[in-house]
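Read-outs: derived from the displayed coordinates by stated rules, not from any lab. From a predicted model like this one, the values you see are computed outputs, not experimental measurements. Using ideal geometry, Cβ is built from the backbone for each residue, glycine included, and neighbour counts are taken over all protein chains shown.
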């Protein structure tokens with residue numbers, strides 16, 4: 001392949017990456033706490049000294065640099081469960097990951113397991129201050145509430161506090177594929193800086209119309225790129241045909 005084919009291939013790979021990210025956003029439009037992703041690309045310019053003119057000596061390629069999360073908050077969705085919470089601001093609830101370690105989530109569905117521990121809807125233990133689970137005695141289940149600062153309150157007072165962990169650089173957070181993320185460098189917010197809304201959860205911040213428009217734009221760009229590839233192939237065939245007849 002000549003250099004023009006490599007440039008077009010680079011462009012088409014970037015379009016495929018954009019489509020994959022957009023399709024994943026659409027698939028999670030109803031996922032609690034989901035943050036839409038945006039792919040990040042960089043231009044890589046390769047310079048050659050053999051070009052016939054100065055403008056032909058620089059060749060630009062597209063490099064995939066990963067994706068960032070749109071941290072815009074989703075809408076509050078009432079669930080009728082007084083234990084469900086939405087984080088009003090940045091940060092994540094800490095969860096004991098299935099394979100060990102700590103994971104993070106914005107999905108605030110809160111349940112109780114048989115041991116009296118607060119868990120996610122999937123059964124993963126929610127972690128409170130110091131990375132410890134919050135345990136509720138059986139005789140205080142009926143009066144259980146979660147305050148705006150994360151305090152878990154029973155009949156006799158505070159039983160613990162759910163903490164919110166924030167990251168100064170969220171680019172280091174890696175989606176696990178189960179509504180949770182992993183990452184390093186997080187710090188727990190103090191009670192005075194924690195803001196939770198109880199009685200509901202945060203919806204996804206994906207806007208279907210925006211993502212659908214993105215898909216249409218990507219498809220049109222891909223069709224244009226394929227048309228250019230076909231035109232260059234036709235040009236090569238005609239050139240080879242003329243050379244064959246003149247020899």
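For segment 98-160, how big is the tail of P(r) above 13 Å, as a whole percent of Cα pairs?
Percentage above 13 Å: 63.
What residue among 107, 158, 192 has the largest mean-square fluctuation in a Gaussian network model of the chain, using Cα springs under 10 Å?
Taking springs between Cα atoms under 10 Å, the residue moving most is 192.
As I understand it, the value is the acute angle between the Cα axis of helix 3-27 and the longest principal axis of the Cα atoms of the chain; what does it come to in degrees, rounded to 10?
20 degrees
Which whole-number value in Å³ per residue fits the convex hull of the alpha carbons of the chain?
Given the Cα convex hull of the chain, per-residue volume reads 161 Å³.
What relative contact order, as a whole-number percentage, does segment 79-168 give when Cα pairs under 8 Å and 6 or more residues apart are counted?
Once normalised by length, the contact order is 26 percent.
What FRET efficiency would be calculated for the residue pair residue 41, residue 192, taking the C-beta separation as r and a Förster radius of 41 Å, to the nearest 0.05?
That pair, residue 41 with residue 192, gives E of 0.55.
What 222 nm value per residue comes from the helices of the chain, counting each DSSP H run with n ≥ 4 as -39,500 (n - 2.57) and dividing by all residues, nearest 500 deg cm²/dmol?
-9500 deg cm²/dmol
Relative to the first principal axis of the alpha-carbon coordinates of the chain, what is the inclination of helix 208-246, with its axis defined by its Cα atoms, in degrees from 0 to 90 and to the nearest 10?
Taking the Cα atoms of the chain, the angle to 208-246 is about 20 degrees.
Test of understanding: express the Cα radius of gyration of segment 76-202 as a ratio to 2.2 N^0.38 Å, with N the residue count.
0.98
State, as an integer percentage, the relative contact order of the chain based on alpha-carbon contacts under 8 Å between residues 6 or more apart.
24 percent
Between residue 226 and residue 69, what length comes free when the chain is fully extended (0.36 nm per residue of separation minus the Cα-Cα distance, one decimal in nm)?
53.5 nm
Evaluate the distance, in nm, between pseudo-label points positioned 7 Å from the Cα of residue 245 and of residue 216 along their respective Cα→Cβ axes.
Rounded to a tenth, the inter-label distance reads 4.4 nm.
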